[in-house]
Every structure is written in structure tokens, then in C-alpha cells.
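*Asks:* I'd like to ask you about the structure that follows.
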Number of protein chains: 2
Amino acid sequence: MAGIISPSTPVVVVEGPNDRRSFSPLNEGLGKALRFGSTDEAVLTRLRWMSKVLAPVLNAAIRLSPELSLVDLMASGLRRGDECHNRNVATSTALIAQLAPSIVRSADTGDAAAVLEFAAGNPHFFLPFGMAAAKSIADAQHTMPDLGLVTAMASNGHEFGIRVAGLGDRWFTAPAPIGEPRLFPEYSLADVQPMMGDSFITETIGLGAFALTAAPAISSWIGVGPAQAAVLLDEMRAITVTTNTRFLSPFSETPDLPLGIDVRLVARRGIAPAVNNGIAHRRGGEGQVGAGLTRLPLDPFLEAAEELKTTAASGPLPSSH
Amino acid sequence: MAGIISPSTPVVVVEGPNDRRSFSPLNEGLGKALRFGSTDEAVLTRLRWMSKVLAPVLNAAIRLSPELSLVDLMASGLRRGDECHNRNVATSTALIAQLAPSIVRSADTGDAAAVLEFAAGNPHFFLPFGMAAAKSIADAQHTMPDLGLVTAMASNGHEFGIRVAGLGDRWFTAPAPIGEPRLFPEYSLADVQPMMGDSFITETIGLGAFALTAAPAISSWIGVGPAQAAVLLDEMRAITVTTNTRFLSPFSETPDLPLGIDVRLVARRGIAPAVNNGIAHRRGGEGQVGAGLTRLPLDPFLEAAEELKTTAASGPLPSSH
């Protein structure tokens, strides 16, 4: 990975093939945060500290450390009960342990301690590192001749969209879904902002719901028991082109996590992908109100599959595994 | 916990009820180590550094940090794929993340960085913290009126022994077993030192083999697949008095890990407890040659059960759960 740069909100930078760079904003932590629309003074003060202290210290530490392998960290995280989208607790502490010696060498005592305290207090500290890596992987996939593979999924609270290998820069969209979220006790469905965020890029590369059997803690929190998680993965296997050989579910004796959503398989089976979804309050600034397993709208996948039929280069439909 | 003291080999100190203190030597890391009988110059140099730098820095950091809950760390570790005896990778990074800010504040840059580097490079960094906590818990149990509970298990390479609640300080012993270890490729059974070590105290409080379903990575390394691990736990349930409500297997929807070996249940069922076992070379100083699931000799348990019959205070035999 390349490091951290800090224009106004500091971002993690991952360098992929062909000098392509991917970015993801450093995670601000739980509670009120800019990503949930909060611009409280406390949020802005923290962002300024993140720009002025956290980002440069982390950047220096990353450059001083042995090369970080984000894929290794995610693979280890899955063996430690994270699905590396909505649960990152073990992966975050593994990243902290790797960087801590260089953080100490990159800052004065006060800043180093503050950076380590912030990191240890944020169970999603790893998330933007994973997101930038996922974007890098998915972007590389987008340039490959594997037509029909979903290479991005994102949602802005109004529309959900996907990009598909072989179909260029076009986004195939549908109204953002609400799903059946598990809400924190004080909230109701009326508070829920439809699906929003760019962290679904992790699901695109086989994390999140596609690795749900790896993370029983998040799975049970959203009301999906081990048996149901296994059933979900069976469904996802029917719409993906291969099995993940790098990300392994800890309790399986053989690789079994589904990888590579193909819009043509989605269209043939009529099975919509599902994703793990953190849910924001409808009013900006209120923060997170719950989480859940959200079934995506079928239309963008069907539309992309139709579009592929009209592109001359479209190859034979792969069989799902 | 109380901190670290450093006579010649530094030890973790845990304070239990009634001012009782428990100790466990800081772990030296993988490879050649004093605990495997090595007194190489490199081993001695590291021990001196551990006494002069590591121990005082850790001790100061522990005193500066919010109170460490070792039981919480072990419980979280089990949710992250450790069984906290032969696998401590996630628990170690969680401990590092908690202590890192205070380590920075407790030492100069060079020492803080060296301590954090040593900790991150040692996948068993947490083990002595867990062992001292386990000893504290087991010692407290030894003073309770739960007659028949096994409150210590240890082995010195010649004899394996147990202590039992209600039977005072007596050790019930048998020749140390060899079991059927998984050896590293370069070694054969002729190299194996019979069972040796004091880390079996963790098994006494429900870690290790008694939490085997929590740690598929170590389980599969020693040749025990998920289905076999579940069968083993069924056996262990038949010789224990309760189910662990604090240590949970990540993939179970309800508490299911067995806790509290009762020598009378062992005698009634004829089932010997099993433990996870790191295996040393027969020649001191050669280091570790393998690991395995080792079935303990029945005799000490049978002998203790007989002895209990003759003690007036012996209560009714509990039913296993």
C-alpha cells in the first residue's frame, strides 16, 4: 500500500496495477461522524486532528514499516471472526500491532500515544484499509476480460448502483433499498435512510455477507444464525463464478466462500445478492441506527445482463460452481 | 491484574481473592527458549533484555492503563479463533492494542518501539497473562467446597499430575504421556519429550482442548476437524460439571463449552480428559518439535476419586450436564 494522504479528510491510498490508486477516508470511529452527515464541532475537531496528526503519523509509520499486505490482513481477519465489512475488531488490532513500533518512531510521545489510543478505541480502524484494497482489486477485475462480473456496488441513499466488467463506466441503478434492518432499540423504520455508502466495495471482493460464516458475532447480531448463514452462502454460490481460495471461513475444512457475482448468473437464477449493511438515520448528523443483511434490488443486475447480450464481446455464460 | 515483576526471569503477576498472587513467566517467543531447555547466548541475551527493558516497561504500562480484564480478553479471544492455550494470536494483538498507548508513555522511543516489536512478533505474547489468570481462578476454585473438581494439571516431562478440590495439596500423578503428537516434518517420535509444562492450567479453566471448537486453525493443524472437535467436546461434557457461560465458542448459538473436570465423573464414565499440548524435543535446548491433542492418563483421576470416597466431607456426585 502507498500510505495516507490528507487533503481535508485524510484518505488511505492503495497502489494497484498500472499505477492506479484507490482511496478510502480514514474511519472516524463510532457515534457521530461526517460519514453519517454530522458536522458537530466535536466531529470537525476530530477531523482536524485526523488531518494534522493521525494522517501524517500513520503515513510515516506505514512507510517505515515492512510492506503491509492488506490481503493477508483480511485473510487473517476472516480466520479471527471478522467479515471485514461490518466487523473489523480482530483485523484492526492486528494492523495496530504491525504498525505500533513504527508509530512510536514516527511521532513524539504525545502524538504516538494519541494515535494508538484512537486506533485501539475504533473497532473499524481497519475498514478504510480494506475498502481501498477492495477497490484496487475490483478495479483491476474491471479491466479483465471476465465479462459480467460485478466490479463495484455503491449506494447514495437514493439510488443503488453496480458497475459490471465489459460494460465500461456505466452504472446500472435502482432505488436504494431499505431491507429489514435490525435497529438499535430507540429507533423505528421511519428513521431509516435507504441504503447508503461506498463500503459495499468490500462485498464485491467476497467480504461481508459473502463471508458471513466467518463472523458469527455480526451474523447473530443481525439475526442470522450459523445455519441461516450457511443457507445464504449456498444462495450466493449459485450467482458467483468461483470459490475464494484466499479468504477462508474458519470453520470450513475446504475453501467455500463465494467469489465473483456474475450478473448473468443472477439473471438466470433470479437470486439477488445480499450485503451486510450499516444503516444511517434519515436525518443527517444523527448517526447509525442499526445494521442488517440487505437483499439488493434485482433490476440493475437484470439490466446489465440484458446489456451484455447486445455487446459483441460477450462470452459463454460460466456455470456457477 | 497486578503487573510484572522481574527477579531473573520476569513474571506476570495476577492478584486473586484474599491477596493470593499467581505468576507466569513472560513468554520468550517461538524457536529456542529457556522453557524448552535452551541456554544459548541468544536466549540468555533476550532474557536479560526481557528483565531489564521489557518487564519494567510492561509493568509501568499496565499500571498506567485502565485495569486489564484478562477474563474479558480470553473471552474475546475465543470469539476470534483462539483457544488461548496453543493459539493466542488474536488475544495477543488485542492486548498489544490495549497497552500500546501506555507503553509509549512509559518508555523512551527506542525501548517502546522494541517492546512493541517484540510483542507483535510473538504470537504467544498473551499466553503468560492467560496462564496467571487461569492459576488465580483455579486456586480460588481449590478453596471452594466443590469437592472433586480438578484445580491444577501440570507435567514435568516425567510425571503428569493433578490437584483436586477437597484433597488439599496432594498431587495425584502418573507417568507423563506421549500421546500421538503431530510433529514438524524433520522430527520423529524418538525425539519427543513426554508431556511437559505448566500451561495446562489453562485447560483446567476451560481453555485449550475444552474450547477446541473455537479455534479451527489450531484444531485442523493437530489433525482434528470441526466434526471431530465437536465429538471431543461431547466427551468432555460427560466429565465436567457445567457449561462455560463466560467463554463461548463463536459458532454456537448457545453456551456449550465444558467447564470443571470432576474426578468422580471421569471415574464413572472412564473417559480421560484431553488437552492441547505443545511438544518439546527430548534433548534440552532443541526446542519445540510438534503439537497435538493428548489424552491424559486415567490413573490420577481414578486415584483421586477413590481418595474422595474416604473423605468424610465428600458430597453427592453431580450429574454431568
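*Asks:* Looking at region A:255-315, which GluC sites (Glu not before Pro) are DSSP coil and have at most 16 other C-beta atoms within 10 Å of their C-beta?
*Replies:* Values: sites: A:GLU286, A:GLU303, A:GLU306, A:GLU307; in loops: A:GLU286.
Sparse-neighbourhood loop GluC sites (Glu not before Pro): A:GLU286.
*Asks:* Leaving out ligands, DNA and RNA, what percent of the accessible area of chain A is carbon and sulfur, probe 1.4 Å? Before the final figure, lay out each step's value.
*Replies:* Values: 6770 of 12630 Å².
Carbon and sulfur atoms account for 54 percent of the accessible area of chain A.
*Asks:* Run the dipole for region A:43-152 about the Cα centre, Lys and Arg Cβ at +1, Asp and Glu Cβ at -1, nothing else charged, and hand back the magnitude in debye, nearest 20. Don't skip to the end; give the middle numbers.
*Replies:* Working: 9 positive and 9 negative charges, 52 e Å.
Dipole about the Cα centre, nearest 20: 240 debye.
*Asks:* Before rounding to the nearest 500, sum -39500 (n - 2.57) across all DSSP H runs of length at least 4 in the protein assembly as shown and divide by the residue total; then give [θ] at 222 nm in deg cm²/dmol. Don't skip to the end; give the middle numbers.
*Replies:* On the way: 22 runs with 231 residues, N = 642.
About -10500 deg cm²/dmol.
*Asks:* Provide the convex hull volume over Cα atoms per residue for region A:1-154, in Å³. Walk me through the numbers before you get to the answer.
*Replies:* Numbers: hull volume 18.0 nm³, N = 154.
It comes to 117 Å³ per residue, whole-number rounded.
*Asks:* If you don't mind, another one. With unit charges on the beta carbons (Lys and Arg positive, Asp and Glu negative) and the dipole taken about the Cα centre of region B:140-197, which residue among B:PHE184, B:HIS142, B:HIS158 sits farthest to the positive side?
*Replies:* Checking the options against the dipole of region B:140-197, the answer is B:HIS142.
*Asks:* Distances in nm, one decimal, shortest first, from A:GLU286 to the same residue in every other copy, taking the label point 7 angstrom along Cα→Cβ.
*Replies:* 6.8
*Asks:* Within 10 Å of each Cβ of A:216-228, how many other protein chain Cβ atoms are there on average? Mind showing how you got there, number by number?
*Replies:* On the way: counts 7, 5, 0, 2, 4, 0, 0, 0, 0, 2, 4, 1, 0.
That works out to 2 on average.
*Asks:* Related question: Post the alpha-carbon centroid distance, region A:149-223 to region B:170-191, in whole angstrom.
*Replies:* Rounded to whole Å, the Cα centres lie 51 Å apart.
*Asks:* Defining a contact as two alpha carbons under 8 Å apart and six or more residues distant in sequence, what relative contact order in percent does chain B show? Numbers along the way, then the final one.
*Replies:* Working: 681 pairs, mean separation 61.7, N = 321.
The value is 19 percent.
*Asks:* Report, as an integer, the average count of C-beta atoms from other chains found within 10 Å of each Cβ along A:87-95. Walk me through the intermediate numbers first.
*Replies:* Values: counts 0, 0, 6, 11, 3, 3, 12, 9, 2.
Counting Cβ atoms of other protein chains within 10 Å of each residue's Cβ and averaging gives 5.
*Asks:* Please give the charge dipole size of the protein assembly as shown, origin at the Cα centre, charges +1 on K and R Cβ atoms and -1 on D and E Cβ atoms. Round to the nearest 20 debye.
*Replies:* Numbers: 50 positive and 62 negative charges, 58 e Å.
Charge dipole of the protein assembly as shown: 280 debye, to the nearest 20.
*Asks:* Moving to a separate point now. How about region A:39-85: which GluC sites (Glu not before Pro) there lie in a loop by DSSP and see at most 10 other Cβ atoms within 10 Å? Walk me through the numbers before you get to the answer.
*Replies:* Numbers: sites: A:GLU41, A:GLU67, A:GLU83; in loops: A:GLU67, A:GLU83.
When the GluC sites (Glu not before Pro) of region A:39-85 are filtered for loop state and at most 10 Cβ neighbours within 10 Å, A:GLU67 remain.
*Asks:* Provide the convex hull volume over Cα atoms per residue for region A:56-105, in Å³.
*Replies:* On the way: hull volume 3.7 nm³, N = 50.
Expressed per residue, the convex hull around the Cα atoms of region A:56-105 is 73 Å³.
*Asks:* Would you look at the GNM of chain A, springs on alpha carbons closer than 10 Å, and say which of A:ALA238, A:ALA190, A:ALA133 moves the most?
*Replies:* A:ALA190
*Asks:* Next question. Hey, can you find the accessible area per residue of the protein assembly as shown for me, probe 1.4 Å, expressed in square angstrom?
*Replies:* Numbers: 25250 Å² over 642 residues.
For the protein assembly as shown, the per-residue accessible area is 39 Å².
*Asks:* I've got another one for you. Between the DSSP loop rule and a limit of at most 14 other Cβ atoms within 10 Å, which trypsin sites (Lys or Arg not before Pro) in region B:146-196 are left? Spell out each step's value before the answer.
*Replies:* On the way: sites: B:ARG163, B:ARG170, B:ARG182; in loops: B:ARG170.
Of the trypsin sites (Lys or Arg not before Pro), the ones in loops of region B:146-196 whose Cβ has at most 14 other Cβ atoms within 10 Å are B:ARG170.
*Asks:* Determine the principal axes of the Cα atoms in region B:98-186, then give the extent along each, sorted from largest to smallest and rounded to whole angstroms.
*Replies:* Largest to smallest, the principal-axis extents are 51, 43, 16 Å.
*Asks:* Taking the label point 7 Å from Cα in the Cβ direction, how far apart in nm is B:GLU180 from each other copy of itself, listed shortest first?
*Replies:* Those label-point separations list as 4.6 nm.
*Asks:* Note the buried accessible area between B and A here, summed over both chains, with a 1.4 Å probe, in Å² to the nearest 100. Walk me through the intermediate numbers first.
*Replies:* Numbers: alone 13900 and 13910 Å², together 25250 Å².
Looking at B and A, the buried total is near 2600 Å².
*Asks:* Between A:VAL71 and the same site in the other copies, what are the distances in nm, shortest first, taking label points 7 Å from Cα along the C-beta direction?
*Replies:* 4.3
*Asks:* For region B:1-131, what proportion of DSSP beta bridges, expressed in % and rounded to the nearest 5, is antiparallel? Intermediate values should be presented prior to the final figure.
*Replies:* Values: 8 of 8 bridges.
About 100 percent, rounded to the nearest 5.
*Asks:* Can I ask one more? How far apart, in nm, are two points set 7 Å out from the Cα along the Cα-to-Cβ line at A:VAL71 and at A:ARG170?
*Replies:* Once both label points are built, they end up 3.1 nm from each other.
*Asks:* Over all directions, how big on average is the projection of the convex hull of the alpha-carbon atoms in chain A, in square nanometres? Walk me through the intermediate numbers first.
*Replies:* On the way: hull surface 64.2 nm².
Orientation-averaged projected area of the Cα hull: 16.1 nm².
*Asks:* Considering the options B:THR311, B:LEU265, B:PRO250, tell which one lies farthest towards the positive end of the dipole of chain B, charges being +1 on Lys and Arg and -1 on Asp and Glu at the Cβ, about the Cα centre.
*Replies:* B:PRO250
*Asks:* Next up: Test of understanding: in a Gaussian network model of chain B with alpha carbons linked when under 10 Å, which of B:ASP139, B:ASP19, B:ASP169 would top the mean-square fluctuation ranking?
*Replies:* B:ASP19
*Asks:* A further question on this structure: Running a GNM on chain B with Cα contacts under 10 Å, which residue among B:MET144, B:MET74, B:MET196 ends up with the highest mean-square fluctuation?
*Replies:* Among B:MET144, B:MET74, B:MET196, the largest GNM mean-square fluctuation belongs to B:MET144.
The values are calculated or read from the model by the stated rules, or taken from the named source; none is laboratory data. The shown structure was predicted, so the numbers you read here are calculated from the model rather than taken from an experiment. Neighbour counts run over all protein chains shown; Cβ positions are idealised from the backbone, glycine included. Keep in mind that these areas ignore ligands, DNA and RNA; they rest on the heavy atoms of the full protein, side chains included. Shrake-Rupley method; radii C 1.70, N 1.55, O 1.52, S 1.80 Å.
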